[in-house]
Amino acid sequence: MSVPEDEERLLPLAQRWPRASKFLLSGCAATVAELATFPLDLTKTRLQMQGEAALARLGDSGRESAPYRGMVRTALGIVQEEGFLKLWQGVTPAIYRHIVYSGGRMVTYEHLREVVFGKSEDKHYPLWKSVIGGMMAGVVGQFLANPTDLVKVQMQMEGKRKLEGKPLRFRGVHHAFAKILSEGGIRGLWAGWVPNIQRAALVNMGDLTTYDTVKHYLVLNTPLEDNIMTHGLSSLCSGLVASILGTPADVIKSRIMNQPRDKQGSLNPCCSAGASSLGKAKH
């Protein structure tokens, strides 16, 4: 039954525009979370690139002598060599990425749950539908956010390039988008999209299934009730499993995204010493 126009105007915005409200709320929450966790993301990207950097500097022998320093020492090294604020280098495209990814994923998941799959007659939403819906929503959200993810990865490596005596590639976020677009075209903005969406699907699958399974186990087999403690423990376990499942694809997409592209958006092996080890990873 439709709501009269006069009464509809009196409804809260969240009820009048539910999808848009969820997109905005997801984007705001993602922005806060990204600002708090970005130094860890930067450290992760630098660690993922060390093998490539060693190969470029030392040749094939660099495979055995890359200085894998671990998370804490890598973060401290960035602070000592580049400065404390460099821990947030590339945070702007990361925020763009999370707004697009989180908002797109949430809206897609809600649409799949309410329109495509639907709940059963007893209002229960089966786990298998949640898993499939979550994976599909993650794929859609990550595909839309791939250009921002690409810029984020490349800007995170700018400080390392400066220390190695290489020229900086970008003057800022918008210059990065414009340069990638001019050098690689539209296709260049979606470099690494295949492992990127694979990672998103694995992360969402591990996140949803582990969260529901752990919460169900805790409620049935421990004195814990369905409260914030149970949700917190379930979230910790789901985050761990999602990270383990998604990391291999995350390493691949980060390596691909950091490689130069030609005007057709294809990998340009002449411009990177590490490209030969990644040629087979092209999408």
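Condition first: among the basic types (Lys, Arg) and farther than 18 Å from GLY90 by Cα. Now tell me which residues in the range 170-190 satisfy that. ARG187 - this is the single residue of the range 170-190 that is among the basic types (Lys, Arg) and farther than 18 Å from GLY90 by Cα.
Evaluating TYR217 against the criteria (1) over 20 Å from PRO126 (Cβ atoms); (2) open to solvent by 50 Å² or more (accessible area, probe 1.4 Å); (3) not acidic (Asp, Glu) leaves one unmet condition, (1).
If I ask for residues that are under 20 Å from VAL100 (Cβ atoms) and open to solvent by 80 Å² or more (accessible area, probe 1.4 Å), which ones from the range 142-179 would you list? Within the range 142-179, PHE143, LEU144, HIS174 meet the criteria. Filtering the range 220-240 to residues that are in a helix (DSSP H, G or I) and either touching a residue at least 60 places away in the same chain (Cβ under 8 Å) or open to solvent by less than 50 Å² (accessible area, probe 1.4 Å) (or both) leaves THR230, GLY232, SER234, SER238, GLY239. Take VAL107 and decide whether it is part of a helix (DSSP H, G or I), modelled with pLDDT of 85 or more and of a type in the set (A, V, I, L, M). For VAL107, the condition - part of a helix (DSSP H, G or I), modelled with pLDDT of 85 or more and of a type in the set (A, V, I, L, M) - is not met. Here ARG113 does not fit the description of being part of a helix (DSSP H, G or I) and either within 20 Å of the chain's Cα centre (by Cα) or modelled with pLDDT of 80 or more (or both). The test for being open to solvent by less than 80 Å² (accessible area, probe 1.4 Å), of a type in the set (Ser, Thr, Tyr) and part of a helix (DSSP H, G or I) does not hold for SER182.
Considering only the range 187-198, state which residues are in a helix (DSSP H, G or I) and either open to solvent by less than 50 Å² (accessible area, probe 1.4 Å) or among the hydrophobic types (A, V, I, L, M, F, W, C) (or both). Quick ask: steps written out before the conclusion?
Residues of the range 187-198 that are in a helix (DSSP H, G or I), as a first pass: 187-188, 193-198.
Listed by number, the residues that qualify are GLY188, TRP193, VAL194, PRO195, ASN196, ILE197.
Candidates are the residues of the range 202-258 that are of a type in the set (Ser, Thr, Tyr) and farther than 15 Å from VAL131 by Cβ; the one that is farthest from the chain's Cα centre (by Cα) is THR222.
The values are calculated or read from the model by the stated rules, or taken from the named source; none is laboratory data. Since we're looking at a predicted model, the values are computed, not measured. Neighbour counts are summed over all protein chains in view; Cβ atoms, including those assigned to glycine, are modelled from backbone coordinates with ideal geometry. Only protein heavy atoms, including side chains, enter the accessible area calculation; ligands, DNA and RNA are left aside. Shrake-Rupley method; radii C 1.70, N 1.55, O 1.52, S 1.80 Å.
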